[in-house]
1. Quick one: would you say residue 217 is part of a strand (DSSP E or B) and closer than 22 Å to residue 267 by Cα?
2. Which of (1) under 27 Å from residue 152 (Cβ atoms); (2) crowded, with 16+ Cβ neighbours inside 10 Å is the odd one out, the single condition residue 317 does not satisfy?
3. Under 25 Å from the mean Cα position of the chain (by Cα) and closer than 24 Å to residue 179 by Cα: which single residue out of 296, 288 fits that description?
């Protein structure tokens with residue numbers, strides 16, 4: 001693709017985003033990545049994907065299926081990892097990533113301010129253990145925001161985390177309406193709370209469904225973070241010999257948990273709600289209007305947890321609003 005002398009800065013950046021993967025092609029009706037790339041799409045009629053292949057040998061096919069809703073489908077070839085980078089002011093939306101081929105993997109990273117990831121479905125098992133996380137998030141401006149919503153990823157890997165929030169995160173991140181199952185760790189959002197260099201940006205988890213994720217289904221650690229109206233359910237062995245928590249607050253932090261339904265029903269798992277796991281860092285969980293039960297023998301709750309109206313009658317059905325298939329997520 002040629003750059004012209006009269007291209008704007010936004011157009012040049014969009015060109016760079018689109019051409020990083022030489023073997024990719026887009027035939028879809030709507031752009032996968034919107035923001036700076038939207039300027040180029042409007043000016044030239046080209047669909048901008050904002051997706052860069054991991055190397056020159058990576059091939060991925062993008063297509064749009066009118067019968068399956070208004071979204072793009074990206075098929076990742078066997079043995080390849082498909083990289084996606086979302087920057088400030090950009091939106092990644094309405095895309096289904098098919099990683100069902102042998103050894104296919106996906107790496108989605110969002111960094112900057114005021115970015116959005118929405119309506120994304122993952123189909124197939126993530127098999128590249130060299131990739132520590134499916135998603136990586138950070139908001140780099142303390143006045144900035146990040147939004148992740150309507151995501152489905154139910155064929156996780158016990159060698160890969162679903163999502164990691166980087167230590168430097170200092171803005172406000174909201175994750176809602178997400179289905180995550182079978183990952184080494186679910187939403188790993190405690191790193192910003194680390195005293196030495198942590199950005200201490202809050203992470204808010206809303207109306208999510210997490211099942212059989214190892215270590216912790218939801219893990220937080222920065223002041224002002226919260227997890228609300230979400231489900232955590234463990235009923236089989238996960239990674240780390242099955243050791244798993246529903247909600248875990250680590251690295252300190254004053255964290256709210258409300259409207260939760262948590263059931264730990266596997267003998268080698270851990271607590272439903274745990275603060276610090278006996279490590280003294282001054283954190284507290286304010287747990288309210290929730291149902292928590294752990295049948296793993298360790299107890300329902302551990303650490304500094306203030307409770308209000310908490311019982312053990314958890315409803316672990318998928319909450320309304322959470323997509324239950326990759327197609328449902330992508331087509332919203």
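The values are calculated or read from the model by the stated rules, or taken from the named source; none is laboratory data. In this text, all values refer to a predicted model and were calculated from it rather than measured experimentally. Glycine also receives a Cβ, built like all others from the backbone with ideal geometry; neighbour counts cover every protein chain displayed.
1. yes
2. Of everything listed in (1) under 27 Å from residue 152 (Cβ atoms); (2) crowded, with 16+ Cβ neighbours inside 10 Å, residue 317 misses just condition (2).
3. 288
Conditions (1) in contact with a strand residue (DSSP E or B) (Cβ under 6 Å, 6 or more places away or on another chain); (2) buried (at least 22 other Cβ atoms within 10 Å of the Cβ); (3) modelled with pLDDT under 95, marked per residue:
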site	(1), (2), (3)
174	yes, no, no
187	yes, yes, no
196	no, no, yes
202	yes, yes, no
209	yes, yes, no
217	yes, yes, no
228	yes, no, no
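Let's see how each residue does on (1) closer than 18 Å to residue 182 by Cα; (2) more than 15 Å from the chain's Cα centre (by Cα); (3) not in a loop (DSSP other than H, G, I, E, B):
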site	(1), (2), (3)
121	yes, no, yes
129	yes, yes, no
137	no, no, yes
143	no, yes, no
146	no, no, yes
151	yes, no, yes
164	yes, no, yes
